[in-house]
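The values are calculated or read from the model by the stated rules, or taken from the named source; none is laboratory data. From a predicted model like this one, the values you see are computed outputs, not experimental measurements. All Cβ positions, even for glycine, are placed from backbone atoms using ideal geometry, and neighbour counts span all protein chains on display.
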Amino acid sequence: MITFSTNLGDITIELDFEHAPVSSKNFVRYCEEGFFEHTIFHRVIKGFMIQGGGFTAKMKEKPTHEPIVNEANKGLSNTLGTIAMARTDAPHSATAQFFINTANNDFLDHTATTNNGWGYAVFGKVTAGMDIIQQIEKVKTTTVAGHEDVPREPIVIEKVTINL
C-alpha cells in the first residue's frame with residue numbers, strides 16, 4: 001500500500017505486483033526516492049481521470065529515470081479507481097507520471113502490439129480516498145504554460161507513506 005497525503009486528504013493505493021511487476025516496482029522506486037512529494041495533480045478531466053507525478057506547483061517538470069516497458073498487455077483494465085502509467089504517444093515511454101481513472105476507461109486498454117493498440121498500463125487500484133479523488137475531479141481548471149486542464153489551485157502530494 002502507498003498513501004499519498006495531499007492538501008485535500010489521503011489517497012491509498014494497492015499495487016498489483018503480480019500482473020504489473022515492472023510498473024509497480026518503478027512506482028515504488030519513485031516513492032522511496034521522495035520523487036512524488038511536493039508534486040501536483042497537474043491534469044484533471046472530470047469524468048475521465050486525474051494525472052500527477054511529474055510537475056511541481058510552479059509547473060516545472062521533474063527529471064525522471066529511463067522509461068519502462070509497457071505492461072498494458074497483462075490483462076488489467078482501466079476501470080474506475082485504478083491507477084495507470086501515463087506516457088507519450090510512444091507505447092514504452094512511461095516514467096514517473098501516473099493517472100487515476102475516475103470512470104471506466106476501457107478504451108485505454110491494450111488491444112494490439114501496435115502504436116495505437118498498446119494502451120495504458122494499469123498497475124494498481126485505489127483502496128481508500130475515492131472521495132478525495134472525486135473532490136479533485138471537481139476543481140476548476142485552466143491553462144498554464146501550454147498545459148491544459150491544470151487545477152487553478154495546486155493539489156499537492158505533500159507526503160508519501162509506503163506500507164509494503
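Annotations
- Residue within the range 101-123 that is buried (at least 19 other Cβ atoms within 10 Å of the Cβ), of a type in the set (Val, Ile, Thr) and in contact with a helix residue (DSSP H, G or I) (Cβ under 8 Å, 6 or more places away or on another chain) present: yes
- Flag for Asn78 being of a type outside the set (Gly, Ala, Ser), farther than 28 Å from Arg152 by Cβ, out of contact with any Ser or Thr (no Cβ under 7 Å at 6 or more places or on another chain) and modelled with pLDDT of 95 or more: no
- Enumeration of residues in the range 67-104 that are touching a strand residue (DSSP E or B) at 6+ places or on another chain (Cβ under 7 Å) and either polar (S, T, N, Q) or farther than 22 Å from Cys31 by Cβ (or both): Ser77, Asn78, Thr79, Leu80, Thr82, Gln97, Asn101, Thr102
- Within the range 152-162, the set of residues being assigned to a strand (DSSP E or B) and surrounded by fewer than 17 Cβ atoms within 10 Å (Cβ to Cβ) comprises Glu158, Lys159, Thr161, Ile162.
- Only listed residue being within 16 Å of the chain's Cα centre (by Cα), in contact (Cβ under 8 Å) with a residue 24 or more places away in the chain and more than 26 Å from Ala57 (Cβ to Cβ), chosen from Val156, Val126, Val122: Val122
- Residue match in the range 17-37 (condition: out of contact with any helix residue (DSSP H, G or I) (no Cβ under 6 Å at 6 or more places or on another chain), assigned to a strand (DSSP E or B), buried (at least 22 other Cβ atoms within 10 Å of the Cβ) and in contact (Cβ under 8 Å) with a residue 24 or more places away in the chain): no
- The lone exception for Gly47 - which of (1) out of contact with any strand residue (DSSP E or B) (no Cβ under 7 Å at 6 or more places or on another chain); (2) assigned to a helix (DSSP H, G or I) it fails: (2)
- Thr56 out of contact with any Pro (no Cβ under 7 Å at 6 or more places or on another chain), loosely packed, with under 15 Cβ neighbours inside 10 Å and polar (S, T, N, Q): yes
- With respect to the stated conditions, Arg29 fails to be of a type in the set (D, E, K, R), touching an Asp or Glu at 6+ places or on another chain (Cβ under 7 Å) and either closer than 28 Å to Gly117 by Cβ or modelled with pLDDT of 95 or more (or both).
- Across the range 50-69, the qualifying residues are those that are without any contact (Cβ under 8 Å) to a residue 40 or more places away in the chain and part of a loop (DSSP other than H, G, I, E, B), and the one among them that is nearest to Tyr120 (Cα to Cα) is Pro67.
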